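Everything on this sheet refers to the single structure shown next.
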Amino acid sequence: MSDRNILTEFTYERPTVERGYAGQTLYVDVSDRRVAARPVTAMMKEKFVGGRGFDLWLLWNGVRDTTRWNDPENEIVISTGPCGGTTQYPGSGKSIAVTISPLTGIPIDSNVGGHFGPYLKFAGWDAIEVQGKAEKDVIIYIDGQAGRVTIEEAPADAPTDTHLLGPWLMARYAQSEEDRELTSIVSAGTGAEHALMGCLNFSLYDRRRRALRYKQAGRGGIGTVLRDKKVKAIVVRSPGVSGDANHPADLGRLQATGAEMHREVRTFDDKQNRMRRRGTPYLVQIMDDYDLLPVHNFKFGSHPDTPKINGDVWEARMTQGLPDGCWYGCTVSCAHAVDGFELKTGPYKGEKVIVDGPEYETVAGVGSNCGIFDPDAILEINFYCDTYGIDTISFGTAMAFAMECYEAGILDKDKTGGIDLSFGSAAGALEVLHQMSRGEGFGLIFGLGIRRMQDYFIEHFGADPGFVRDIGMQAKGLEYSEYLTKESLAQQGGYGLTNKGPQHDEAWLIFMDMVNNELPTFEDKAEALHYFPMWRTWFGLCGFCKLPWNDVVDPKNKLTPEPQKIMHHVENYRQIFMGVTGLEITYDDMITMSERVYNFQRVFNIRLGHGLRADDAVPYRSVGPVTVEEYESRAARYDSQLREWLGLDPTTMTVEEKMAAHRKYRQERYEKLIDAVYKRRGWTENGVPTLEKLRALGMDLPEVVAVVEKHL
Amino acid sequence: MKVLSFIPELCVGCHVCEEVCSETWFKVVDPARSRIRIIEKDGSMSALYCVQAGDCIAVCPVNALSRNKQGIVLLKKKECVGCLSCVGFCPYGAMFFHPDETTPFKCVACGKCAEACPAGALEIVEVETPSAPGVQA
Amino acid sequence: MIRINNRDEIDWEEGLTVAALLERLRYSYPHIIVTIDGQVVHTEEYESRLIPDGSNVRLIHLIAGG
């Protein structure tokens with residue numbers, strides 16, 4: 001193409017993928033415009049497996065102890081994993097993207113579907129590292145058919161917002177329908193240029209709709225880093241897709257396991273969560289019924305208007321009957337869309353668009369948590385967040401915080417530049433979002449995220465520090481995802497003790513703990529906070545999606561000894577892993593694989609200065625009632641807890657005394673939980689992995705030991 | 001459209017149909033690669049093969065399945081990504097797979113088994129083409 | 001009184017079925033294991049199975065959402 005200004009060209013002979021590995025990773029430096037191939041070593045496969053493991057290892061080696069998110073040596077690393085790209089088993093195309101997060105200053109690992117990760121592998125690369133900063137916007141193009149990687153100047157008129165950039169890139173790089181099917185794009189948007197909560201969009205070409213669809217690596221601000229590096233997009237063209245593209249060791253094993261799981265999905269999904277018809281929003285009404293849906297900045301757990309935004313509503317809005325998997329062969333097929341949605345606000349007002357989603361997190365985050373119960377408003381916010389490259393979870397939780405500050409008088413129209421940010425103000429939320437895209441007004445302050453907003457409101461608006469710190473639902477600098485944790489100590493730990501910050505991918509123990517009361521002691525909770533985070537981490541090493549593990553389940557599982565583990569699905573995953581790699585593994589091995597990467601990530605946090613006990617602190621809103629309003633909304637429950645837990649008589653106490661008693665008890669309880677969890681994990685009281693633990697895992701690498709020794 | 005039809009009372013369980021089918025389509029005599037399976041249970045015979053219902057068409061993520069002018073549901077191997085969603089979603093279990101084949105396979109009513117059946121238990125008959133697949137994807 | 005999940009005690013009434021109990025508690029989630037004094041109650045029996053006074057009822061939701 002004559003208008004492609006190619007700055008660097010790197011040709012390579014595409015390796016055959018063997019047993020899930022291409023055997024090399026791609027390194028791209030956009031400062032020096034250098035491209036190189038790096039070998040995947042036996043050590044990497046043994047200790048880091050792939051996916052999140054490869055990402056963290058490569059990032060560790062690329063950065064210094066003092067590297068900040070916007071230093072040139074910060075990297076974005078993306079990898080799928082050895083099982084990524086498998087077509088036979090549902091949900092086998094996931095990738096993990098990693099960077100030093102603008103929000104937290106430590107590595108974020110973000111999970112994402114779409115076609116990019118597996119296509120990258122089939123193009124010859126187990127991972128891609130992008131380091132440096134370009135002078136002017138560049139596009140990185142990986143042509144897996146030609147065996148060529150180019151760094152190209154992005155023309156000045158190339159769009160930035162994803163819903164425009166995607167088709168623009170397709171027109172530039174894909175000459176035929178087949179090309180379009182085999183091309184995938186990573187991009188962000190204008191919002192990511194001005195906010196720290198920028199997300200990445202990963203495309204997939206939808207063959208029924210003949211249009212681009214996008215999944216998001218939402219958490220942690222990786223989109224912000226992409227735009228900071230002046231990378232407009234990363235594009236890959238795959239040589240193809242087939243049932244044996246990973247050259248698995250035992251195709252028959254993959255086929256038998258996959259076909260059986262497809263059958264299970266077909267048999268049970270309709271009567272269970274209806275993933276194939278509504279996706280993750282099935283959870284909205286359930287959470288409301290159990291008083292766990294975040295409402296008004298995590299103050300309450302339910303709202304009478306929830307039926308306006310529950311799963312039935314979304315099932316009716318989403319186009320039905322299409323194979324909506326975000327990777328080939330996913331029959332859980334939950335990546336639905338609302339087609340032909342007309343935008344009412346912003347620069348694209350009047351356009352009829354495909355809205356990817358919404359997911360549960362978006363409905364709860366920008367919906368109920370903000371007091372917004374209008375489906376059209378949720379769709380509008382969902383679309384603009386995606387195209388602007390803004391994480392809907394951080395946006396929703398941060399907006400809920402801003403709204404509570406507005407209602408408490410910390411913010412007012414003077415400070416917001418005239419924007420009404422009462423709970424329920426969808427117009428206000430959208431105006432802030434558009435400001436984030438334009439880089440102006442209150443949107444610039446908002447886009448910094450809760451932690452920096454807290455500092456800002458205290459310093460510039462005279463906000464009461466105690467209140468603002470109590471209600472700002474962030475930990476480690478990352479906004480909480482959308483589950484009410486006040487009544488589940490296990491989930492408080494599940495969020496507070498997560499390496500990256502309060503994202504629920506590691507532990508989702510709310511029901512087991514709070515409703516089922518299956519984890520009554522600290523040791524029970526600690527055991528669950530060992531097993532489930534380790535089990536759930538495993539998906540991201542291999543390229544799997546977690547959803548097929550638990551969202552469609554043969555009811556015979558109820559009769560097994562440990563139904564919460566869904567062992568027949570764990571067995572499926574073991575079979576797929578062995579079928580692809582040819583390696584024999586046990587259930588214990590799967591946990592150990594995760595423990596290696598998990599402990600490595602903890603040490604990485606310590607290395608960067610934010611990985612000790614003090615960093616596992618959580619805001620009081622996540623632990624108990626901050627305001628009188630919250631206490632009185634659940635007074636019966638809180639009063640009876642005073643009796644049951646503390647032997648106190650609530651009738652003799654003022655509400656302030658009752659709240660203080662709760663606070664002391666609950667905060668102490670959280671500390672006791674941390675003690676129990678650290679002990680189970682083999683960490684010191686300060687949250688440092690011991691040498692003994694690292695040795696047992698084979699992770700006593702010299703560079704790792706050098707970090708922990710300073711704290712032991 | 002023309003579909004295969006089976007008369008259980010005539011079947012003698014010789015499995016010649018399976019041999020001829022795999023020979024025709026895979027150049028090897030291997031019942032595991034036949035698109036018709038003869039099953040004997042409690043003294044009676046049944047046959048499993050595709051009746052061209054078409055439920056699989058909507059499930060395929062790559063549009064590899066479609067109904068031709070004769071009403072037969074065909075799989076385009078070149079498009080197929082071997083995910084076996086169709087295998088899992090066939091209400092009859094009539095889409096088959098084999099570890100030496102990345103793509104699955106099904107009866108296309110070619111009639112070779114009917115020709116070869118020594119007991120006359122198989123024949124190609126004319127039925128109405130379904131207007132739409134029975135099951136929602 | 002009946003005990004729910006080893007923790008909450010609630011009032012018993014004559015003729016209390018599993019289905020009625022789930023409705024009273026607003027336990028709407030479909031994947032649930034119900035045991036009465038350790039014995040599993042199958043879904044088909046929810047409407048008919050009576051819960052005796054003083055029993056220990058476990059209502060284990062199988063949900064690992066998110």
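The values are calculated or read from the model by the stated rules, or taken from the named source; none is laboratory data. Keep in mind that what you see is a predicted model, and the values were worked out from it rather than measured. Here Cβ is always computed from backbone atoms with ideal geometry, including for glycine, and neighbour counts include all displayed protein chains.
Points to keep in mind about this one:
- Within the stretch A:268-286, being part of a helix (DSSP H, G or I) and either of a type in the set (D, E, K, R) or within 9 Å of chain B (Cβ to nearest Cβ) (or both) holds for A:ASP269, A:ASP270, A:LYS271, A:ARG276, A:ARG277, A:ARG278.
- Listed conditions (1) surrounded by 21 or more Cβ atoms within 10 Å (Cβ to Cβ); (2) assigned to a helix (DSSP H, G or I) are all met by A:THR592, apart from (1).
- For the stretch A:496-512, filtering for residues that are within 11 Å of chain C (Cβ to nearest Cβ) and over 15 Å from the mean Cα position of the chain (by Cα) leaves 4.
- Scoring A:LYS232 on the criteria (1) under 20 Å from the mean Cα position of the chain (by Cα); (2) among the basic types (Lys, Arg); (3) more than 14 Å from every other protein chain (Cβ to nearest Cβ) leaves a single failure, condition (1).
- Just one of (1) closer than 30 Å to C:VAL40 by Cα; (2) under 25 Å from the mean Cα position of the chain (by Cα) fails for A:HIS568. It is (2).
- If the condition is being surrounded by fewer than 24 Cβ atoms within 10 Å (Cβ to Cβ) and among the charged types (D, E, K, R), then the stretch A:342-390 contributes A:GLU342, A:LYS344, A:LYS349, A:GLU351, A:LYS352, A:ASP374, A:ASP376.
- Identity of the residue in the stretch A:331-366, part of a helix (DSSP H, G or I) and under 23 Å from A:GLN435 (Cα atoms), that ends up nearest to the other protein chains (Cβ to nearest Cβ): A:GLU361
- Candidate set from the stretch A:110-143 (those that are assigned to a loop (DSSP other than H, G, I, E, B) and acidic (Asp, Glu)); member that is nearest to the chain's Cα centre (by Cα): A:ASP126
- Test set (1) more than 14 Å from chain B (Cβ to nearest Cβ); (2) modelled with pLDDT of 95 or more - A:PRO323 fails condition number: (1)
- Residue ID - farthest from the chain's Cα centre (by Cα), chosen from residues in the stretch A:1-59 that are farther than 30 Å from A:ASP157 by Cα and of a type in the set (Asp, Glu): A:GLU13
- If the condition is being polar (S, T, N, Q) and in contact with a helix residue (DSSP H, G or I) (Cβ under 8 Å, 6 or more places away or on another chain), then the stretch A:470-523 contributes A:GLN474, A:SER481, A:THR485, A:SER488, A:GLN491, A:GLN492, A:THR498, A:ASN499, A:GLN503.
- Single match in A:GLY396, A:GLY439, A:GLY389 (criterion: touching a strand residue (DSSP E or B) at 6+ places or on another chain (Cβ under 6 Å) and within 29 Å of A:VAL112 (Cβ to Cβ)): A:GLY389
- Test result for A:ASP289, under 26 Å from the mean Cα position of the chain (by Cα), surrounded by fewer than 20 Cβ atoms within 10 Å (Cβ to Cβ) and at the interface with another protein chain (Cβ under 9 Å from one of its Cβ atoms): yes
- Here B:THR24 fulfils each of the conditions (1) within 14 Å of chain A (Cβ to nearest Cβ); (2) of a type in the set (Val, Ile, Thr); (3) in contact (Cβ under 8 Å) with a residue 60 or more places away in the chain; (4) surrounded by fewer than 24 Cβ atoms within 10 Å (Cβ to Cβ) apart from (1).
- For the criterion of being within 14 Å of chain B (Cβ to nearest Cβ) and either out of contact with any helix residue (DSSP H, G or I) (no Cβ under 9 Å at 6 or more places or on another chain) or at pLDDT 95 or above (or both), A:TYR328 passes.
- If you check A:GLY243, A:GLY258 for being of a type outside the set (S, T, N, Q), outside any helix (DSSP H, G or I), within 14 Å of chain B (Cβ to nearest Cβ) and crowded, with 24+ Cβ neighbours inside 10 Å, only one passes: A:GLY243.
- Some residue of the stretch A:554-572 being hydrophobic (A, V, I, L, M, F, W, C), crowded, with 22+ Cβ neighbours inside 10 Å, in the same structural domain as A:GLU671 (by TED's automatic domain parsing) and touching a helix residue (DSSP H, G or I) at 6+ places or on another chain (Cβ under 9 Å): no
- Of all residues in the stretch C:53-65 being of a type outside the set (A, V, I, L, M) and touching a residue at least 40 places away in the same chain (Cβ under 8 Å), the one that is farthest from the other protein chains (Cβ to nearest Cβ): C:ASP53
- Within the stretch A:535-544, the presence of at least one residue that is closer than 15 Å to A:TYR483 by Cβ and surrounded by fewer than 24 Cβ atoms within 10 Å (Cβ to Cβ) is confirmed.
- Among the candidates A:SER203, A:SER176, A:SER187, the residue that is among the small types (Gly, Ala, Ser) and over 27 Å from A:GLY346 (Cα atoms) is uniquely A:SER176.
- In the stretch A:37-58 there is at least one residue matching the filter, namely being touching a residue at least 12 places away in the same chain (Cβ under 8 Å), in a strand (DSSP E or B) and surrounded by 14 or more Cβ atoms within 10 Å (Cβ to Cβ).
- Screening the stretch C:25-44 for residues that are in contact (Cβ under 8 Å) with a residue 12 or more places away in the chain and exposed (fewer than 14 other Cβ atoms within 10 Å of the Cβ) and picking the one that is farthest from the other protein chains (Cβ to nearest Cβ) gives C:ASP37.
For every residue, the table says whether it meets (1) more than 14 Å from chain A (Cβ to nearest Cβ); (2) within 24 Å of A:ALA256 (Cα to Cα); (3) touching a helix residue (DSSP H, G or I) at 6+ places or on another chain (Cβ under 7 Å).
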| position | (1), (2), (3) |
| --- | --- |
| B:ARG33 | no, yes, yes |
| B:VAL51 | yes, yes, no |
| B:ILE57 | no, yes, no |
| B:CYS60 | no, yes, yes |
| B:ASN68 | yes, no, no |
| B:GLY82 | no, yes, no |
| B:VAL108 | yes, yes, no |
| B:LYS112 | yes, no, yes |
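- Pick from the stretch A:579-589, criterion hydrophobic (A, V, I, L, M, F, W, C) and surrounded by fewer than 18 Cβ atoms within 10 Å (Cβ to Cβ), ranking: nearest to the other protein chains (Cβ to nearest Cβ): A:LEU583
- Within the stretch A:169-194, the set of residues being surrounded by fewer than 21 Cβ atoms within 10 Å (Cβ to Cβ) and either under 25 Å from the mean Cα position of the chain (by Cα) or of a type in the set (A, V, I, L, M, F, W, C) (or both) comprises A:MET170, A:ALA171, A:ALA174.
- When A:ASP524 is tested against (1) touching a residue at least 12 places away in the same chain (Cβ under 8 Å); (2) among the charged types (D, E, K, R); (3) in a helix (DSSP H, G or I), just one condition goes unmet, and that condition is (1).
- Selection within the stretch B:73-127 - over 27 Å from A:GLY85 (Cα atoms), of a type in the set (Val, Ile, Thr) and over 14 Å from the mean Cα position of the chain (by Cα): B:VAL125, B:VAL127
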